1. Can you pull out the helices (runs of 4 or more DSSP H) entirely within the range 56-119 that have at least 2 residues that are crowded, with 22+ Cβ neighbours inside 10 Å, of a type in the set (G, A, S) and under 20 Å from the mean Cα position of the chain (by Cα)?
2. Kindly provide the set of residues from the range 12-32 that are under 22 Å from P224 (Cβ atoms), surrounded by 13 or more Cβ atoms within 10 Å (Cβ to Cβ) and of a type outside the set (G, A, S), ordered by number.
3. Go through the range 169-186 residue by residue and tally those that are under 12 Å from R75 (Cβ atoms) and either surrounded by fewer than 17 Cβ atoms within 10 Å (Cβ to Cβ) or of a type outside the set (D, E) (or both).
4. What number goes with the only condition from (1) without any contact (Cβ under 8 Å) to a residue 12 or more places away in the chain; (2) touching a helix residue (DSSP H, G or I) at 6+ places or on another chain (Cβ under 6 Å) that D27 does not pass?
5. If we scan the range 44-61, do we find a residue that is out of contact with any Cys (no Cβ under 9 Å at 6 or more places or on another chain) and more than 23 Å from G179 (Cα to Cα)?
6. Would you be able to tell me the number of residues in the range 138-155 that are within 18 Å of G121 (Cα to Cα), of a type outside the set (S, T, N, Q) and outside any helix (DSSP H, G or I)?
7. If we only count strands (runs of 3 or more DSSP E) wholly inside the range 166-267, which ones have 1 or more residues that are at pLDDT below 95, out of contact with any Lys or Arg (no Cβ under 8 Å at 6 or more places or on another chain) and of a type in the set (F, W, Y)?
8. If a residue must be within 20 Å of the chain's Cα centre (by Cα) and either surrounded by fewer than 19 Cβ atoms within 10 Å (Cβ to Cβ) or within 17 Å of Y187 (Cα to Cα) (or both), how many such residues does the range 246-280 contain?
Amino acid sequence: MQINDPVWHFIPEFKDMKVGVEKKDADGKPAMELVAPQRAMTVQDLLRHTSGLTYGSRGSNLVNQSYVEAKIGDRGLSNEEFVTRLSTLALKFNPGARWEYGVSTDVLGRLVEVIDGRKLGEALAARVFKPMGMVDTGFQVPADKVARAAQPGPRPGGQPGTPRFAVNDGARYESGGGGLTSTMDDYLRFAVALANGGGVPGGPRLLGKQTLAFMTADHTGNRPGRPPGLGFGLGFEVRTMVGEAALPGSIGEYGWAGNAGTLFWIDPREQLVAIYMVQVSDPDRVALRNQFRSMVQAAIID
């Protein structure tokens with residue numbers, strides 16, 4: 001397998017997906033024309049979010065609306081059923097044309113299942129969690145650990161908290177894009193392995209150093225969709241410039257943020273691993289994690 005392989009080689013339902021081009025009909029109302037993509041979606045497109053897939057909530061055009069109507073992300077579906085339903089919808093743009101965050105990583109979760117032959121949670125447990133000693137990481141929190149689960153809460157005086165999924169709801173869906181639960185200790189083990197070039201000295205190794213270097217390089221180039229100074233690699237945001245990003249940091253640092261407000265990044269230049277775990281309402285999450293980032297960077301004095 002190579003990352004420039006078409007996704008449909010592994011998920012055949014994706015072979016006939018079309019791009020949805022929004023136009024006006026005779027009455028001046030929005031209508032969607034389906035056209036063949038200029039090229040096939042590749043595994044690299046999924047990894048760097050240039051696939052043409054989106055999130056229904058990230059826009060109001062007809063493609064976004066179709067995601068909402070089809071209930072993409074329904075936790076009652078299996079990963080296989082999820083990609084089958086998704087394959088009946090239109091792409092928002094031609095694969096490779098631009099960057100847009102969406103369900104690409106969820107499709108990667110199904111891709112792992114196809115290649116590995118096990119459910120995503122089982123594959124991750126065997127290949128990552130157990131070797132790394134990540135004893136509290138999974139798609140569901142067992143009954144004997146539920147009391148330890150952090151609960152989201154609203155800001156004092158603020159609006160009601162944004163609803164989040166229950167961590168013990170028994171959902172069939174194992175979301176590759178945002179479904180794992182974990183602890184600070186477990187995630188630190190994972191992040192430290194990355195900071196050490198893909199493995200723990202004298203312990204387990206997740207990746208070879210050249211693989212990690214390839215993953216943390218910028219794969220978006222000059223495509224539209226990314227903020228100034230921040231490219232995207234294979235699963236990570238990657239800093240390409242210092243000042244343009246409007247947040248302090250080092251060229252070459254990489255990481256990503258979570259829907260409920262979480263954030264992590266690794267700065268090889270400063271030998272820094274930063275992890276921020278919170279569950280906050282949507283209007284607060286960006287400001288809080290940006291403040292955390294600024295405070296960490298301000299604390300580096302030599």
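The values are calculated or read from the model by the stated rules, or taken from the named source; none is laboratory data. Predicted model only: the values in this text are computed from it and were never measured. FYI the Cβ positions are ideal-geometry reconstructions off the backbone, even for glycines, and counts take in every protein chain you see.
1. Values: elements: 62-69, 79-86, 104-116.
Those helices (runs of 4 or more DSSP H) span 104-116.
2. M17, K18, V19, V21, E22, M32
3. Residues of the range 169-186 that are under 12 Å from R75 (Cβ atoms), as a first pass: 169-175, 178-179.
Retained after the next criterion (residues that are either surrounded by fewer than 17 Cβ atoms within 10 Å (Cβ to Cβ) or of a type outside the set (D, E) (or both)): 169-173, 175, 178-179.
Residues that pass the stated criteria total 8.
4. Of (1) without any contact (Cβ under 8 Å) to a residue 12 or more places away in the chain; (2) touching a helix residue (DSSP H, G or I) at 6+ places or on another chain (Cβ under 6 Å), only one is false for D27: (2).
5. So the first thing to find is which residues in the range 44-61 are out of contact with any Cys (no Cβ under 9 Å at 6 or more places or on another chain), and the list is 44-61.
Still in the list and also more than 23 Å from G179 (Cα to Cα): 60-61.
Yes.
6. 4
7. Values: elements: 230-232, 237-239, 254-257, 263-267.
Result: empty, no element qualifies.
8. Narrowing the range 246-280 to residues within 20 Å of the chain's Cα centre (by Cα): 252-267, 273-280.
Within this subset, residues satisfying the condition of being either surrounded by fewer than 19 Cβ atoms within 10 Å (Cβ to Cβ) or within 17 Å of Y187 (Cα to Cα) (or both) are 252, 254-267, 273-279.
The number of residues fulfilling the criteria is 22.
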